[in-house]
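Undergrad: Right, I'll just put the structure down here and ask away after.
The values are calculated or read from the model by the stated rules, or taken from the named source; none is laboratory data. Given the structure is predicted, the values throughout are model-derived calculations rather than measurements. FYI the Cβ positions are ideal-geometry reconstructions off the backbone, even for glycines, and counts take in every protein chain you see. These accessible areas exclude ligands, DNA and RNA; they are computed on the full protein's heavy atoms, side chains included. Shrake-Rupley method; radii C 1.70, N 1.55, O 1.52, S 1.80 Å.
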Amino acid sequence: MDSTIIILIVAVAIIAAVLGFFSSRILNSKDIEKKRARLLLDAKRDAVSFVKEGKAEAEALKKEKILQAKEKFIELKSEHEKVINSKDRKITEAEKRIKQKESKISQELDKTKKKNQELDRQTEDVSKKVQSLDKKTLEVEKLHRKQVDELENISGLSEEDAKVMLLDSLKVEAKADAMNFIQDTIEEAKLTAKNEAKKIVINTIQRVATEHAIENSVSVFNIESDDIKGRIIGREGRNIRALEAATGVEIIVDDTPEAIILSCFDPIRREIARLSMHKLVTDGRIHPARIEEIVAKTEKQIEDEIIEVGKRTVMDLGIHGLHPELIKIVGRMKYRSSYGQNLLQHSREVANLAGTMAAELGLNAKMAKRAGLLHDIGKVPETESETPHAILGMQWAEKYGEHPDVCNAIGAHHDEIEMKNMISPIIQVCDAISGARPGARRQVVDSYLKRLKELEDLALESDGVTKAYAIQAGRELRVLVESERVSDTDAATLSYDISQRIQTEMTYPGQVKITVIRETRAVNIAK
């Protein structure tokens with residue numbers, strides 16, 4: 001009984017719960033529908049208000065744009081009116097100028113008409129005077145004819161015979177007077193020309209400072225202490241051998257205190273060796289690899305210095321527009337000599353002499369200076385040439401666009417070609433003055449240097465030879481060869497062949513030692 005009641009109670013409870021659940025769902029759905037309706041009304045109201053606001057903003061924006069357009073139109077209209085007014089003013093001014101010109105032209109035409117009328121009157125007067133002169137001329141001729149007839153009757157000679165006799169006598173007297181005048185003029189010209197030439201040459205020489213030729217084949221490298229000598233020599237002499245091989249200069253380390261002697265006939269090599277040693281001693285790192293590096297940098301430095309010397313020389317002489325290659329050639333002349341006379345100093349001297357002499361003669365002094373500076377450029381070729389230096393210099397000058405007068409002066413200063421202008425003999429004379437003065441040149445030094453150069457050139461003609469240096473005043477010839485192309489056996493054979501060629505082809509005092517150096521290097525790089 002109790003369980004039945006309990007089951008009924010439970011069933012009633014479940015039914016009540018179910019009914020409660022479904023009733024609550026029904027109520028909730030009605031509330032949701034009401035809320036949705038309210039939201040739709042609110043959205044419609046918001047949309048209507050948004051549309052009204054958008055229309056209002058659009059209308060305001062439209063009015064603003066219309067105002068801006070009107071302002072822009074007014075601004076453009078004012079600018080256009082300004083332009084039109086400016087053009088009107090210009091047209092008005094142009095019309096005024098045209099009217100002024102027309103008035104001037106009309107005035108000039110009036111003046112011209114008046115002048116023409118005046119000229120017509122003068123022409124009439126002249127014609128009247130001419131007619132009167134013609135009449136008087138006829139009267140004079142009649143009188144002259146009458147006098148001639150009377151003279152013919154008195155002298156018994158005709159007019160033609162008298163003319164012939166008078167002309168013959170006048171010719172004889174004029175010829176005699178002319179010969180005397182010509183003779184006196186020639187003698188006076190000779191004396192004057194001789195005196196003027198002496199005066200010009202003397203004044204020119206006196207106005208140019210000169211130097212005596214001092215050409216040495218050795219340089220002295222000063223050091224602070226004798227301890228540096230050991231570092232330069234290196235272990236077993238490897239440093240000094242590397243220096244000699246890289247520069248081609250004989251380095252003499254003896255008992256001379258605080259000095260090392262650099263011996264070589266080529267001043268460029270001596271300068272490279274001197275600067276390289278200075279850098280090595282200053283740096284403190286002296287070993288073969290460093291020596292080769294410093295020598296290569298010094299050679300580049302000397303090349304730059306040659307260009308700088310050329311530029312400074314042409315600036316000092318006031319020469320402009322010279323081709324860069326010619327400037328480089330001028331710089332190389334600093335390290336060349338002609339019979340013991342420094343070539344650059346000689347060329348500067350000739351340029352100054354030529355400029356002074358040309359100014360005295362009323363010629364182009366600048367062109368004379370230019371030709372004087374360049375007259376010996378053919379003496380500094382980078383490679384040996386059989387062409388005479390005057391012709392070679394002329395060819396270079398023509399190649400680099402020099403004036404024909406300058407080219408002719410260069411080529412003709414030793415009479416290889418014909419002189420075609422007044423600058424050419426001036427350059428020849430000034431070259432002779434510079435070279436012939438006492439102390440200017442030393443024949444012995446030049447021939448000695450030429451012999452050493454021939455020694456090196458002979459060795460360089462052999463296959464596999466990279467460098468050749470004549471050292472010890474020409475008593476030794478050091479030849480550097482490529483190890484890949486020349487073996488040890490070939491090196492001995494090469495040394496013998498060069499010695500035989502020297503014996504048969506050259507003239508030399510004493511003995512010449514030929515040393516062939518073949519060096520093998522193994523180089524690897526640690527990465």
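Undergrad: Which of the peptides 40-53, 346-359, 220-233, 412-425 is most tightly packed, and how do the rest follow, going by the mean number of other Cβ atoms within 10 Å of each residue? Don't skip to the end; give the middle numbers.
TA: Working: 40-53: 10.0, 346-359: 25.1, 220-233: 14.1, 412-425: 17.3.
Output ranking for 40-53, 346-359, 220-233, 412-425: 346-359, 412-425, 220-233, 40-53.
Undergrad: Measure off 7 Å from each Cα along the Cα-to-Cβ vector at L151 and S78, then give the distance between these two points in nanometres to one decimal.
TA: 10.2
Undergrad: Calculate, for segment 295-361, the solvent-accessible area per residue in square angstrom, rolling a 1.4 angstrom probe over the heavy atoms of the protein chains. Present the calculation step by step, with values, prior to reporting the outcome.
TA: Working: 2760 Å² over 67 residues.
For segment 295-361, the solvent-accessible area averages 41 Å² per residue.
Undergrad: Among 266-274, 309-317, what's the highest-first ranking by average C-beta atoms within 10 angstrom per residue? Spell out each step's value before the answer.
TA: Details: 266-274: 20.9, 309-317: 17.1.
Descending mean neighbour count gives 266-274, 309-317.
Undergrad: Hey, got a sec? Which GluC sites (Glu not before Pro) in segment 470-508 land in a DSSP loop and have at most 11 other Cβ atoms within 10 Å?
TA: Loop-located and lightly packed - E484.
Undergrad: Let me ask something additional. If I model a spin label as a point 7 Å beyond the Cα along the Cα-Cβ vector, how far apart are those points for D168 and R231 in nm?
TA: 10.8
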